[in-house]
1. Would you say V187 is open to solvent by 30 Å² or more (accessible area, probe 1.4 Å), farther than 25 Å from T147 by Cα and modelled with pLDDT of 85 or more?
2. When you check V85 against the structure, is it open to solvent by less than 90 Å² (accessible area, probe 1.4 Å) and more than 23 Å from F209 (Cα to Cα), yes or no?
3. Of the numbered conditions (1) farther than 30 Å from G226 by Cβ; (2) in a helix (DSSP H, G or I), L74 satisfies every one except a single condition; which is it?
4. Is it the case that A95 is farther than 16 Å from A51 by Cα, more than 14 Å from the chain's Cα centre (by Cα), surrounded by 15 or more Cβ atoms within 10 Å (Cβ to Cβ) and in contact (Cβ under 8 Å) with a residue 40 or more places away in the chain?
5. So L16 fits all but one of (1) in a helix (DSSP H, G or I); (2) aliphatic (A, V, I, L, M); (3) at pLDDT below 95; (4) surrounded by fewer than 14 Cβ atoms within 10 Å (Cβ to Cβ); what number is the exception?
6. May I ask you to verify whether V155 is more than 23 Å from S246 (Cα to Cα) and buried (at least 18 other Cβ atoms within 10 Å of the Cβ)?
7. Could you grab the pairs with beta carbons closer than 6 Å, sequence gap of 6+ or different chains, first residue in the range 142-164 and outside any helix (DSSP H, G or I), second one of a type outside the set (K, R) and surrounded by 10 or more Cβ atoms within 10 Å (Cβ to Cβ)?
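The values are calculated or read from the model by the stated rules, or taken from the named source; none is laboratory data. Fair warning: this is a prediction, and the values are worked out from it, not measured in the lab. So basically every Cβ, Gly included, is an ideal-geometry build from the backbone, and we count neighbours across all protein chains shown. Just the protein is used for accessible areas: all its heavy atoms, side chains included, with ligands, DNA and RNA removed. Shrake-Rupley method; radii C 1.70, N 1.55, O 1.52, S 1.80 Å.
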Amino acid sequence: MRSGNPVLKESTFLDLGSGTVVSRADGGAMTLNGTIGKTATLLVLAVITAAFAWSKVEVTPDGMTGGLYVWGGLIGGFILAMVTVFKKEWAPVTAPMYALVEGFFLGGISAVFEARYPGIAFQAVMLTFGTLFALLMAYRSGLIKATENFKLGVVAATGGIALVYLATIVLGFFGVEIPMIHGNGLVGIGFSLFVVVIAALNLVLDFDFIETGVERGAPKYMEWYGAFGLMVTLVWLYIEFLRLLSKLQSRN
């Protein structure tokens, strides 16, 4: 069982000491409905803080106000994500905290894009949730199956994208930019389309991962962890839609 999402990986449901599947805890076992409910809770929490940050971040000719929400949300969300990954049993607490903090980042960065390209945030939200529900229906109907080859391909592509982004960050410190892929030319738009597709396909792996956890009787707190992992993929997909739409609109 593989997932391109680094949060949801094979070892999540294993006792790393014995290599055996985690057994049902006294508090009950992970259920699909429970995971869906907790995913909805995380989304609502993120929307609340995103709306607040949206109202505080403003882009003016002299600069940007409220940038603390963007950077605070980005850094805080990363820290909470790492804590959740390494302390999965804390997910009932850290996952909601992650959603709240990440909401500040999403609201702030959305306001920045919106100031330059009016209407882009709403379009990205609709595309993100439209993709989520479309792939969920395709997965549940059996139209898309998470076979081993499918998983391997998506994981490999996700890893390649991660390396490109890492190289972009490292080279950026030396004033070097990777040509074309981050621009609004055909290569840049094609790259963003590819990243959006891979991010979307990670949703299929996440669905499969959560379903497997339910079948294996993972502990109840894994509902929060599964919801957290799905949230991570949705955040990535939303940001990539913002990037793609901004490239398309900048050509007009």
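1. yes
2. In short, no.
3. Status for L74: all satisfied but (1).
4. In short, no.
5. (1)
6. Judged against the criteria, V155 is a match.
7. The qualifying pairs are I144/A138; I144/V204; A146/V204; A146/L205; A146/D208.
Quick grid of which residues meet (1) surrounded by fewer than 24 Cβ atoms within 10 Å (Cβ to Cβ); (2) under 22 Å from A40 (Cβ atoms):
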site	(1), (2)
S192	yes, no
V204	yes, yes
I210	no, yes
A218	no, yes
G229	no, yes
Y238	yes, yes
R251	yes, no
